[in-house]
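Okay, so here's the structure we're looking at.
Bear in mind these aren't lab numbers, they're just calculated from the coordinates by the rules spelled out. The structure displayed is predicted, hence computed values, not measured ones.
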Amino acid sequence: MKLPIICPSCESSLNVSQMKCNNCSTEVNGNYELPLYFKLNRDEQDFILEFFLSSGSIKEMAKQAQLSYPTMRNQMDDLIEKIKNLKTI
């Protein structure tokens with residue numbers, strides 16, 4: 001199941017308000033902002049994971065995805081820019 005991050009009514013960012021332990025049923029309530037990573041869409045999260053698993057090698061990522069290095073670099077630059085913008089919100 002995909003974690004919703006955008007309000008379907010007004011399109012604002014959603015926060016976490018409740019978490020529950022599956023082991024002992026303890027519940028924690030509050031108003032917590034999602035970590036930056038979870039504010040990214042699924043493809044962006046996968047991109048970061050692949051970058052990590054390729055030991056930070058854009059060249060290796062491009063090879064595995066059968067894309068050119070400049071194409072992969074542009075995707076990385078776009079994601080970096082999005083993260084910078086999310087950090088300032």
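The angle between the Cα long axis of helix 42-53 and the longest principal axis of the Cα atoms of the chain comes to about 60 degrees, rounded to the nearest 10.
Between N15 and Y69, what length comes free when the chain is fully extended (0.36 nm per residue of separation minus the Cα-Cα distance, one decimal in nm)?
Length difference between fully extended and current span is 15.8 nm.
Axis of helix 69-87 versus longest Cα principal axis of the chain: the two differ by about 30°, to the nearest ten degrees. Bridging of K2 to lysines at a Cα separation below 16 Å is possible for K39, once same-chain residues fewer than 8 apart are set aside.
Give the Rg/Rh ratio for the chain, taking Rg as the radius of gyration of the Cα atoms and Rh as the Kirkwood radius, to two decimals.
Details: Rg = 16.8 Å, Rh = 15.4 Å.
When Rh is taken as the Kirkwood radius, the ratio is 1.09.
The length gained on full extension between S57 and C7, counted as 0.36 nm times the residue separation minus their Cα-Cα distance, comes to 14.5 nm.
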